[in-house]
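Q: There's a structure below that I have some questions on.
The values are calculated or read from the model by the stated rules, or taken from the named source; none is laboratory data. All values derive from a computational prediction rather than experimental measurement. Backbone-built Cβ (ideal geometry, glycine too); neighbour counts: all protein chains shown. These area figures cover heavy atoms from the full protein model, side chains too; ligands, DNA and RNA do not enter into them. Shrake-Rupley method; radii C 1.70, N 1.55, O 1.52, S 1.80 Å.
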Amino acid sequence: MTRFAPIKDTKPEDTNYSPGEYKYGFSMPENYVFKAERGLNEKVVRMISAMKKEPLWMAEYRLHAYKLFLDKPMPDFGADLSGIDFDNIFYYIKPSERTEKKWEDVPADIKNTYDRLGIPEAEKQYLGGVKAQYESEVVYGSLINRLSDMGIIFCGMDEALIKYPELVKEYFGKIIPSADNKFAALNSAVWSGGSFIYVPKGVKVDLPLQAYFRINSANMGQFERTLIIVDEGAYVHYVEGCTAPIYTTDSLHSAVVEIFVKKNARCRYTTIQNWSTNVYNLVTKRARVEEDGVMEWIDGNLGSKVTMKYPAVFLVGKRAHGEILSVAVAGNGQHQDAGGKCVHLASDTTSRIISKSISLRGGRASYRGLIRMNKGASNSRSKVVCDALILDKTSRSDTYPVNKIDENNVVLEHEATVSKIGEEQLFYLMSRGFEEHEAEAMIVNGFIEPIVKELPMEYSLELNRLINLQMEGSVG
Amino acid sequence: MMKITNLRVNVGGKEILKGVGLEVKPGEVVAVMGPNGSGKSTLAFALAGHPKYEIVKSKNSKVKSKNIELGGKVLDEMSPDERANEGLFLANQYPVAISGLTVNSFLYQLYKKRNPEGKGMKLIEFRAWIEKQAELLELNPDLLKRGLNDGFSGGEKKKLEILQLIVFNPKQVILDEIDSGLDVDALKRIAKTVALVAKQRKIGVLVITHYNRILKYLIPDRVIVLKGGLIVRSGTGELAVKIEKDGYKNEN
């Protein structure tokens, strides 16, 4: 990571960039062919923007972010990120040129999991990274028609930038500026894919919008960018990711998600990530909630080598409410550094964080949270509950709660428990005829049940089955 | 039939049971009584295979030990789940809570475990049936939606043990002080239910207790007195009445 410290000496043209010259350098010959190459430099950033035929402001935004990315230090907290080799990553590959992997190359344990979960053949191929396209046009098409009749915009972020440039420009990067942190800067420079949702005033979407339906538009990219605007009195539930493991050879996933919840509106955002265990998953997620608005993050982390993710809620209007439900499972070689942040900026605001983590087979799960109550957030309340379950002696759990309170008339509660699976619990269930791993899975599934019950049904069922599979592996 | 032969059990290196032998035939009710510290609960846990209760092996290592047998199978080396799958069911004095594991879901998994391969009731039929069973036990069916034993009263926990017993349908049941901490109505309901189920299904019952009162409704064929890790006396139901009156001091 120190490679990035003396960056100013390496490439002078990177730092001498000025937006004025840029527009002249921007045009590409018609027959330009993008050649994917590893590593990142200003040329790559320009090419990404050019390939997407983006408006000038976005190209400038990207280049500025790229500079910030170079200047920003690596995070000085959380997981060990020294294994990331920024020079060995493809930052953009045209979807049509994605080299398709062979099914034989997908690791056996992942294939086995697909079989055990009963994933249909077509989906297996997609999740395993063998097929870049998932045939869901029919489902997707009719859904989109229905949504657009309600005035809802639901499309890929790239598409939104071309079709709704004014709307995107008004909100893009406004809650998570590219200067926020090194990985937000990286995403701002090279983002590709992700979702854009606009729900008009008073419109309530009765079914969850799932990225899954539109994974054919390269949604599950490495550097996806999602922007959701829920206008006054509206409601939407967005579901991202899936419980089945996603096999990828891309080792870095760094997304940015920004959500605007207007007055009286409500947004629920559910994520389940189960990246293969070579992936560094470093994601910045933030929501801004106005008066009487409600934001709920439901965040499940099963996969990846390292995850650092702390969905945040900024409660800017009176009586706004934020909720973060987080569940993390850290197995062999995994470090899940997850949690949440609630920032109270107005009076009578409320927030709640519930974090459940499980560590097993040498895995490490950390809760990292922030509750901030600024001057003016009088009569606000917050409650944090973090429960950790440690399955064996080689596994580890940590809690890093931070509270910053600048207002007197507030209530903050914090509860934390760390437990192990008790011999008595195991004996009790085994004496009913359940094998040890079945008994363990029952205890673990029970432990995360308060969060799982908030998930859409197909996700909760699959999550339970995944836990069962993992327990089978840990005992047998 | 459950057959216990010269059973010696160590707990934490200390010998608690010093050679216990008894038999329970299908449909038979055998009561084990005894003062505190006599080894009653040790007997229950050792039979169910709790890892802390270690069976002391015979000195003659050439002979494979046969201290606990059920339906002709030797249970000595089996894990708790294997013993359960042979048809042994322990109703606990202190049932353990498992939060988030709903009773309904647990009972159905238990039912599936005991009735595999698509036999028996579908989920929806099972739900209706189990609610009926709960009502017969005077257990509030709303509890079935809660976590297993999570926040249950003493009486509710004991009734749930019996509900599990009904779902489990064992060959042999051990009731470990199921009567402790029960009010008289709950005691009566539980004892009568066990008596009925055991008779109908020919289940052997080993009822471990301090008191005679449960035996008024769950009438034993035999009463055994355990003291200092040994059986000191055995007799008919009369013996339980006598013990209640005179205590254990005369039993040697």
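Q: Considering only Cα-Cα distances, which of the following residue pairs are longer than 26 Å: B:Lys216/B:Lys245; B:Lys113/B:Lys171; B:Lys3/B:Lys122; B:Lys52/B:Lys227; A:Lys356/B:Lys52?
A: Values: B:Lys216/B:Lys245 15 Å; B:Lys113/B:Lys171 15 Å; B:Lys3/B:Lys122 36 Å; B:Lys52/B:Lys227 21 Å; A:Lys356/B:Lys52 30 Å.
Listed pairs above 26 Å: B:Lys3/B:Lys122; A:Lys356/B:Lys52.
Q: What is the pair-distance distribution P(r) of the protein assembly as shown, computed from all Cα-Cα distances in 20 Å bins starting at 0, with each bin given as a whole percent?
A: Using 20 Å bins, I get a P(r) of 15, 40, 27, 15, 3, 0 for the protein assembly as shown.
Q: Rounded to the nearest 10 Å², what accessible area does A:Arg146 show when all protein chains are kept and the probe is 1.4 Å?
A: Roughly 110 Å² of A:Arg146 is accessible to a 1.4 Å probe.
Q: Follow-up question, since we're still on this one. Taking R0 as 41 Å, what's the FRET efficiency between B:Lys145 and A:Glu423 from their Cβ-Cβ distance, rounded to 0.05? If you can, show how the numbers build up before the last one.
A: Details: r = 28 Å, r/R0 = 0.68.
Efficiency, rounded to the nearest 0.05: 0.90.
Q: What is the percent carbon and sulfur in the accessible area of the protein assembly as shown, measuring with a 1.4 Å probe over the protein chains and ignoring ligands?
A: The nonpolar share, carbon plus sulfur, comes to 50 percent.
Q: Sorted by mean Cβ packing within 10 Å, highest first, what order do the peptides A:157-168, A:398-409 take?
A: On the way: A:157-168: 16.9, A:398-409: 13.1.
So the peptides A:157-168, A:398-409, ranked by packing, come out A:157-168, A:398-409.
Q: Enter the accessible area of A:Phe427 (Å², nearest 10), with the probe set to 1.4 Å and all protein chains included.
A: Approximately 10 Å² for this residue.
Q: With labels modelled as points extended 7 Å from the Cα through the Cβ direction, what inter-label distance (nm, one decimal) is found for B:Lys14 paired with A:Asn112?
A: 4.5
Q: So, with +1 on the Cβ of K and R and -1 on the Cβ of D and E, and no other charges, what is the size of the charge dipole of chain B about its Cα centre, to the nearest 20 debye? Before the final figure, lay out the partial values.
A: Values: 41 positive and 29 negative charges, 131 e Å.
Computed about the Cα centre, the dipole is about 620 debye.
Q: For chain B, with every protein chain kept in place, what is the accessible area per residue (1.4 Å probe, Å²)? Don't skip to the end; give the middle numbers.
A: Working: 11600 Å² over 252 residues.
Ligands and nucleic acids excluded, the result is 46 Å² per residue.
Q: Do you know the relative contact order of chain B, to the nearest whole percent, from alpha carbon pairs under 8 angstrom that are 6+ apart? Let's see the in-between values first.
A: Values: 455 pairs, mean separation 72.8, N = 252.
Reported relative contact order: 29 percent.
Q: Further, regarding this structure: Per 5 Å bin, what is the whole-percent P(r) computed from every C-alpha pair distance within chain B?
A: Pair shares across the bins are 1, 6, 13, 17, 19, 17, 13, 8, 4, 2, 0, 0.
Q: Let me ask something additional. Using r as the Cβ-Cβ distance of B:Lys52 and B:Glu244, and R0 as 41 Å, what FRET efficiency do you calculate, to the nearest 0.05? Mind dumping the intermediate values first?
A: Working: r = 31 Å, r/R0 = 0.76.
Efficiency for this residue pair is about 0.85.
Q: Rounded if a/c is under 1.5, else prolate if a/b is larger than b/c, else oblate: which is segment A:109-422, with a ≥ b ≥ c the root eigenvalues of its Cα gyration tensor?
A: On the way: a/c = 1.81, a/b = 1.05, b/c = 1.73.
Since a/c reaches 1.5 but b/c is at least a/b, the shape of segment A:109-422 is classed as oblate.
Q: Enter the buried accessible area of the A/B pair, total of both sides, probe 1.4 Å, in Å² rounded to the nearest 100.
A: On the way: alone 20310 and 12530 Å², together 30840 Å².
Chains A and B together bury approximately 2000 Å².
Q: When only alpha-carbon atoms are used, what values of Rg and Dmax, in angstrom, describe segment B:1-132?
A: 17.5, 54
Q: Using a 1.4 angstrom probe on the protein heavy atoms only, could you order A:Arg372, A:Arg465, A:Arg268 from most to least accessible area? List each step's numbers first, then the result.
A: On the way: A:Arg372 75, A:Arg465 105, A:Arg268 30 Å².
My answer, sorted largest first, is A:Arg465, A:Arg372, A:Arg268.
Q: For a quick protection proxy, order the peptides B:11-23, A:341-353 by their average other-Cβ count within 10 Å, most packed first.
A: Numbers: B:11-23: 15.4, A:341-353: 22.8.
Most protected by this proxy first, the peptides run A:341-353, B:11-23.
Q: At 7 Å along Cα-to-Cβ for each site, give me the label-to-label distance between A:Glu170 and B:Lys192 in nm.
A: 7.2
Q: Something else: Just to verify a number: FRET efficiency for B:Thr236 and B:Ala128, C-beta to C-beta distance, R0 = 51 Å, to 0.05?
A: On the way: r = 42 Å, r/R0 = 0.81.
Efficiency, rounded to the nearest 0.05: 0.75.
Q: Find the centroid of the Cα atoms in segment B:148-203 and in segment A:284-333, then give the distance between the two in whole Å.
A: 45
Q: So what's the angle, to the nearest 10 degrees on a 0 to 90 scale, between helix B:237-246 and the longest Cα principal axis of chain B?
A: So the helix axis and the longest Cα principal axis differ by about 70 degrees.
Q: If I take every Cα pair under 8 Å that is 6 or more residues apart in segment B:155-219, average their sequence separation and divide by the length, what percent do I get for the relative contact order?
A: Numbers: 60 pairs, mean separation 27.7, N = 65.
This gives 43 percent for segment B:155-219.
Q: With an 8 Å Cα cut-off and a minimum separation of 6 or more residues, compute the relative contact order for segment B:28-116 in percent.
A: Numbers: 44 pairs, mean separation 17.9, N = 89.
Relative contact order for segment B:28-116 comes out at 20 percent.
Q: Shape verdict for segment A:349-476, please, from the Cα gyration tensor: rounded (a/c under 1.5), prolate (a/b greater than b/c) or oblate.
A: Values: a/c = 2.81, a/b = 2.19, b/c = 1.28.
Prolate is the answer for segment A:349-476, as a/c is 1.5 or above and a/b outweighs b/c.
Q: Across segment B:133-252, how large is the tail of the calculated P(r) beyond 23 Å, expressed as a percent of all Cα pairs?
A: On the way: 2452 of 7140 pairs.
Roughly 34 percent, rounded to a whole number.
Q: I'd like the residues of segment A:420-442 whose 1.4 Å-probe accessible area shrinks by no less than 40 Å² going from the isolated chain to the full set of protein chains.
A: With the partner chains in place, segment A:420-442 has these residues losing at least 40 Å²: A:Glu423, A:Glu424, A:Gln425, A:Phe427, A:Tyr428, A:Met430, A:Ser431, A:Arg432, A:Gly433, A:Phe434, A:Met442.
Q: What residues in segment B:96-134 lose 20 Å² or more of accessible surface when the other protein chains are added to their chain alone (1.4 Å probe)?
A: Checking the loss per residue gives B:Val96, B:Ile98, B:Ser99, B:Gly100, B:Leu101, B:Phe106, B:Gln109, B:Leu110, B:Lys113.
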